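Below: the structure, in structure tokens.
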Amino acid sequence: MKVSDTIAALLAENRKFAPPQEFAAKAFFNDPSVYDRAAADPVAYWEEWARKLDWFEPWTKPLEWNPPFAKWFVGGKINACHNCVDRHVAAGAGAATAIVWEGEPGDVRSLTYEELQCEVARAANALKALGVGKGDRVCVYMPMVPELAITMLACARIGAAHSVVFGGFSAESLEERIQDAGAKVVVTADGGWRRGAIVPLKKAVDEALELGCPTVEKVLVLRRAGEPGTVTNGLATPEYDRGSWVEGRDVWWHDLVPGQSAQCPCEPMDSEDLLFILYTSGSTGKPKGIVHTTGGYLTGVSATFRYVFDIQPEDLYWCTADCGWITGHSYVVYGPLANRAHVLMYEGAPDTPDKDRFWRIIERHKATILYTAPTAIRAFMKWGTEYPERCDLSSLRLLGTVGEPINPEAWVWYHQHIGGGRCPIVDTWWQTETGQIMISPLPGLTETKPGSATRPLPGVSIGIYNDLGEDLYAEHIRRVQAGEATDSVGGYLVLTQPWPAMLRGIYGDPERFKRTYWSRFPGAYFTGDGAKVDEEGYVWLLGRVDDIMLVAGHNISTMEVESALVDHPAVAEAAVIGKAHELKGQAIAAFVILKAGYQGGPEIVDELKAHVAKKIGAIARPDDVIVCADLPKTRSGKIMRRLLRDVAEGRALGDTTTLADPNVVNALKDKYESAG
């Protein structure tokens, strides 16, 4: 039996939420004809958005498409930093707030666009002083502080490509990324705050460079943590390993950057010049260096930020992602700043010093837009409503989710308890590789269903293919629009036309690029995700195809079993995996976290198994339900399901270096084995 024969899921969700009339009346997009206009000529549509940017030289051809290689705005000259900073200052908006930042200890900084321009120019001149020039690569390994965004923009300003590595990665992971990119300089910090402790970033850089990295000539170090005992906003820096200091290689930020000139011209870049490399996990274990270039990427992220978040001049926008991930690149730095948005940044954890930290930040700064991950929302559910109820969240007018499909009940909780029932939710689907949001509601236009990303954005063309490469989506949508009765269909999600922010390759490995993304269905980009489209034309993401379980000949999505579990009033979060079974092929094992006030035990386990069977069907009834205190997650909040499979199948645990807390998976292993 083929995957696509049974990938159409069994869960049904019929609740709908129309945009509030007042919101819709003022929204940037409230005319549905935009979809037809974009579909009629997608390239012309994206050209309209590109013209909203400043170009040093115009393009001569909007798109050169030789599958799988695309070039957008061929011949055009542009600079991403100029479009994010300088043009706003030149237009008279230098006094407008660019970034409001809060550190975990509670220290606050604010930068206007004019101040940001000066800081970026000084950092750019400092990089030049360290030998960085156009075409070089700079590795950035920093906490979530303004200097992280400043460094990214400084690289873009002088034509150097940045490779931002998330501060939760190990020294070994960092070394691998530095080596692959051939970075000339590493920019880091002595440490960053996380849950009241200091993450020793400089120490990790030292260890990475000891492993190799012969291309690295200099290390620029920001003093964020300071000496142990240093007081920041009333909190003393705890003891931490500050690493070593290598004379001639290591340079303090405060010794080099502030003395630089605040004048630094923006380097004219070809539209297809490299802007950044961002590494994402590979199935072979070797990370993939995803390549994004300048003109198309900036067009895609600036356009989608404008209309997905319906950004208004008075908004204070907060995306909780770290800049070490693509969400931080696209929707903390480049997309918002290209739109002259007011951006809120936060350094630390959502539960420090208490579980109301996010809500205190919103209340203090009067944030109007919140963009966060379903993983975080489920954690908030687990902690209870008392924490948001302590705070005034009335400033919020729009909510967003990113990173994975959101369970319908988590969506409804977010809508009710954070948005007060008044805020539209944009549930966005996209990837590191796509660079920009691809599927999402338009908040002033789209009637939403909890758990559905709704439909492709204007100018985006998707397909849902079966195993034969036949597109089920196009015919299904035709029937929906014609009013013909039709059941939901599911299969493999693909992208069928080029889009501006699409990846241009895997750094140094074009064959892997073609093999990974373009070989499954010739001419179409294979996302690796399963999806269904329901009887009304709404798109539902079902997670990675690798996370589809084959149970007695039936393919069942882990996301749907997890959603059924979270639908139970006792469950805050669930992770589901398929484990080897001699009769069924795979059996379902579920790991669940209960909400405060509920206790584990045989009764709740039986109840949860029955609840899944009732919601989906007996075929989806889990064989095992393990109640646990936590799940193995990366620092970005993603659940490491491969480690749960290791636990369930009794294998030695795989690599745990990227986990936020490696002890979690060991505790789970002990509990699973003791349960038999």
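Descriptive notes on the structure:
- Which of ILE604, ILE556 has the fewest Cβ neighbours within 10 Å, and the rest in rising order: ILE604, ILE556
- Contact order normalised by residue count of region 552-674, Cα under 8 Å, 6+ apart, percent: 22 percent
- Highest mean packing first, where packing is the average number of other Cβ atoms within 10 Å per residue, the peptides 569-576, 262-269, 29-36 line up as 569-576, 262-269, 29-36.
- Here the Karplus curve 6.51 cos²θ - 1.76 cosθ + 1.60, taken at θ = phi - 60°, turns the phi angles of region 52-64 into couplings of 7, 8, 8, 10, 6, 9, x, 7, 9, 8, x, 8, 10 Hz, with x standing for Gly and Pro.
- Each residue of the chain gets 151 Å³ once the volume of the Cα convex hull is shared out per residue.
- Each residue in SER163, SER394 was given a count of other beta-carbon atoms within 10 angstrom of its own, and listing them fewest first yields SER394, SER163.
- Rounded to the nearest 500, the helix-only mean residue ellipticity at 222 nm of the chain stands at -8000 deg cm²/dmol, with each DSSP H run of n ≥ 4 adding -39,500 (n - 2.57).
- Remark on VAL489: its backbone amide H falls under 5 Å from those of VAL533, a criterion applied only to residues 5 or more positions apart or on other chains, H modelled at 1.01 Å from N.
- The H on the amide N of ILE462, modeled in the peptide plane, is under 5 Å from the matching H of THR496, each at least 5 residues off or on a different chain.
- Panel order for TRP46, TRP72, TRP245, TRP413, by other beta carbons found within 10 Å of each beta carbon, from fewest to most: TRP245, TRP413, TRP46, TRP72.
- Rounded to 5, percent antiparallel among DSSP beta bridges of the chain: 60 percent
- Extension gain, ARG195 back to GLU603 (0.36 nm per residue minus Cα-Cα distance, nm): 143.4 nm
- Structural descriptor for region 113-267: relative contact order 27 percent, calculated from alpha carbon pairs under 8 angstrom and at least 6 residues apart.
- Reach of LYS26 by Cα under 27 Å, taken over lysines that are not fewer than 8 positions away in the same chain: LYS16, LYS52, LYS366, LYS449
- In order along region 224-233, the phi-based Karplus estimate (6.51 cos²θ - 1.76 cosθ + 1.60, θ = phi - 60°) of 3J(HN,Hα) comes to 9, 7, x, 5, x, x, 4, 9, 10, 6 Hz; Gly and Pro are listed as x.
Bear in mind that the values in this text are calculations on the coordinates, not laboratory data. Predicted model, so just to flag it, every value in this text is computed and none were measured. Methodologically, a virtual Cβ is constructed for each residue, glycine included, from the backbone with ideal geometry; neighbour enumeration extends over all protein chains shown.
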